1. Please give the length that would be gained between Trp47 and Ile23 if that part of the chain were fully extended, namely 0.36 nm times their separation in residues minus their C-alpha to C-alpha distance (nm, one decimal).
2. What accessible area per residue, rounded to a whole number of Å², is obtained for the range 15-69 using a probe radius of 1.4 Å?
3. Quote the accessible area belonging to Glu29 in square angstrom, nearest 10, computed with a 1.4 Å probe and with ligands, DNA and RNA left uncounted.
4. Between Phe67 and Glu30, what is 0.36 nm times their sequence separation minus the Cα-Cα distance? Round to one decimal in nm.
5. Heavy atoms only, 1.4 Å probe, whole protein assembly: order Phe37, Phe52 by accessible area, highest first.
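The values are calculated or read from the model by the stated rules, or taken from the named source; none is laboratory data. All values reported here derive from a predicted model rather than from experimental measurement. Just so you know, the surface numbers come from the protein's heavy atoms only, side chains and all, with ligands and any DNA or RNA stripped out. Shrake-Rupley method; radii C 1.70, N 1.55, O 1.52, S 1.80 Å.
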Amino acid sequence: MKFSRQAAFIAIMDVKDDRSCKIVLDLNEELPEKGYFLRPFVYECEWSDKPFLKQEVFGPHVAIVPFDD
(Lines give C-alpha, C1' and ligand atoms only; values in the text may rest on other atoms or scores of the structure.)
Protein backbone atom coordinates (compact mmCIF):
# COMPACT_ATOMS: atom_id res chain seq x y z
CA MET A 1 0.00 0.00 0.00
CA LYS A 2 1.56 3.28 -1.07
CA PHE A 3 1.81 6.18 1.41
CA SER A 4 -1.00 8.34 -0.02
CA ARG A 5 -3.41 5.41 -0.16
CA GLN A 6 -2.40 4.35 3.34
CA ALA A 7 -2.92 7.88 4.72
CA ALA A 8 -6.38 8.10 3.15
CA PHE A 9 -7.32 4.68 4.52
CA ILE A 10 -6.11 5.64 8.03
CA ALA A 11 -8.19 8.85 7.88
CA ILE A 12 -11.28 6.80 6.95
CA MET A 13 -10.65 4.41 9.84
CA ASP A 14 -10.23 7.35 12.26
CA VAL A 15 -13.62 8.70 11.19
CA LYS A 16 -15.23 5.28 11.63
CA ASP A 17 -13.83 5.05 15.17
CA ASP A 18 -15.07 8.54 16.13
CA ARG A 19 -18.54 8.27 17.66
CA SER A 20 -19.29 11.96 17.04
CA CYS A 21 -19.22 11.44 13.25
CA LYS A 22 -22.11 10.14 11.20
CA ILE A 23 -21.13 8.13 8.13
CA VAL A 24 -23.28 9.15 5.17
CA LEU A 25 -21.69 7.00 2.45
CA ASP A 26 -19.04 4.28 2.73
CA LEU A 27 -18.13 2.16 -0.27
CA ASN A 28 -14.81 0.94 1.20
CA GLU A 29 -15.98 -2.24 2.91
CA GLU A 30 -13.67 -4.36 0.76
CA LEU A 31 -10.61 -2.79 -0.82
CA PRO A 32 -8.87 -4.49 -3.75
CA GLU A 33 -5.46 -5.99 -3.01
CA LYS A 34 -3.81 -4.22 -5.95
CA GLY A 35 -4.07 -0.72 -7.28
CA TYR A 36 -4.54 2.67 -5.70
CA PHE A 37 -8.29 3.11 -5.92
CA LEU A 38 -10.24 4.11 -2.81
CA ARG A 39 -13.98 4.37 -3.10
CA PRO A 40 -15.96 7.47 -2.02
CA PHE A 41 -16.44 8.09 1.69
CA VAL A 42 -18.71 10.89 3.02
CA TYR A 43 -19.26 11.76 6.66
CA GLU A 44 -20.90 14.45 8.77
CA CYS A 45 -19.07 15.80 11.81
CA GLU A 46 -19.02 18.86 14.02
CA TRP A 47 -15.89 20.96 13.60
CA SER A 48 -13.23 20.18 16.20
CA ASP A 49 -9.51 19.71 16.50
CA LYS A 50 -9.44 16.33 14.75
CA PRO A 51 -6.60 15.40 12.40
CA PHE A 52 -8.92 14.02 9.72
CA LEU A 53 -10.68 17.41 9.55
CA LYS A 54 -7.51 19.52 9.54
CA GLN A 55 -5.01 17.59 7.45
CA GLU A 56 -5.10 17.28 3.69
CA VAL A 57 -5.51 13.66 2.71
CA PHE A 58 -5.28 12.50 -0.88
CA GLY A 59 -8.38 10.38 -1.21
CA PRO A 60 -12.04 10.55 -2.10
CA HIS A 61 -13.42 11.54 1.29
CA VAL A 62 -15.68 14.48 2.04
CA ALA A 63 -16.56 15.99 5.40
CA ILE A 64 -19.91 17.69 5.83
CA VAL A 65 -19.36 20.23 8.61
CA PRO A 66 -22.26 22.46 9.69
CA PHE A 67 -21.48 26.09 10.53
CA ASP A 68 -23.24 29.25 11.64
CA ASP A 69 -23.39 32.23 9.33
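1. Working: separation 24, 0.36 × 24 = 8.64 nm, distance 1.49 nm.
Full extension from Trp47 to Ile23 adds 7.1 nm.
2. Working: 4430 Å² over 55 residues.
Each residue of the range 15-69 exposes 81 Å² on average to a 1.4 Å probe.
3. Ignoring ligands and nucleic acids, Glu29 comes out at about 140 Å².
4. Values: separation 37, 0.36 × 37 = 13.32 nm, distance 3.29 nm.
Taking 0.36 nm per residue and subtracting the Cα distance, the gain is 10.0 nm.
5. Numbers: Phe37 120, Phe52 20 Å².
Listed by decreasing accessible area, they come as Phe37, Phe52.
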